[in-house]
Amino acid sequence: MTGKVELRNQRVSDAKRFFEILNNPNFKYFKVRPKDVKSERKFLIKNKEKRKNNFEYNYAILYNKKLIGGCGIKIDQHRKFIGEIGYFLDEAYWGRRITTRAVKILEKIGFKKLNLKRIEILMHPKNVASEKVAIKCGYKKEGKMNLLGLKSEVSRQRK
């Protein structure tokens, strides 16, 4: 677990790298995949407006200053004290506890800067790696749900 993990705001210039990571065929459980670099750029351009409207806060994951993934907190618009964490990481860096460290940084942002009272992680039930991240960060399994036609996602809570 050596190396420095940092988060910074995502930039439009990250589009090509994110596109490469998200379109890895071994990347099975992420719900949204950009169809091309141009559509990823469009997504990244919207980040400033999402922050301004307290809707979503997206970050690049840096490992030793190298861009290797992304993460973010989406604010529940009906209960603004709840945030949902999501993350993705380049396969070359899987299994190094980098995502766990990124989630812990995101939690600090969520609880201290955004004044959230609850943070959730929704994941596909077969995504064992994501479940391990949640457990290492102290999340508790609450149940299964069907969200947007995706079967049996698991919800977790940070207390």
Which one of these is at pLDDT below 95 and in contact with a Phe, Trp or Tyr (Cβ under 8 Å, 6 or more places away or on another chain): Lys74, Lys117, Lys132?
-> Lys117
Going by the structure shown, is Arg11 over 15 Å from the mean Cα position of the chain (by Cα), at pLDDT 95 or above, within 29 Å of Pro125 (Cα to Cα) and not aromatic (Phe, Trp, Tyr)?
-> no
Test each condition in (1) out of contact with any Leu (no Cβ under 9 Å at 6 or more places or on another chain); (2) free of Cβ contacts under 8 Å to residues at least 60 places away in the same chain for Met123 and report the one that comes out false.
-> (2)
Residue list for segment 17-38, restricted to those being modelled with pLDDT of 95 or more and more than 18 Å from the chain's Cα centre (by Cα) | Val37, Lys38
Check whether at least one residue in segment 107-126 is closer than 27 Å to Asn64 by Cβ, charged (D, E, K, R), under 12 Å from the mean Cα position of the chain (by Cα) and part of a helix (DSSP H, G or I), and report yes or no.
-> yes
When you scan segment 94-105, how many residues do you find that are in contact with a strand residue (DSSP E or B) (Cβ under 7 Å, 6 or more places away or on another chain), buried (at least 17 other Cβ atoms within 10 Å of the Cβ) and not charged (D, E, K, R)?
-> 4
What pairs come up if the first residue lies in segment 1-18 and is at negative phi, the second is hydroxyl-bearing (Ser, Thr, Tyr) and at pLDDT 95 or above, and their beta carbons are under 7 Å apart, counting only those six or more places apart or on different chains?
-> Val5/Tyr63; Leu7/Tyr59; Arg8/Tyr59; Asn9/Tyr59; Gln10/Tyr59
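The values are calculated or read from the model by the stated rules, or taken from the named source; none is laboratory data. Keep in mind that what you see is a predicted model, and the values were worked out from it rather than measured. Glycine also receives a Cβ, built like all others from the backbone with ideal geometry; neighbour counts cover every protein chain displayed.
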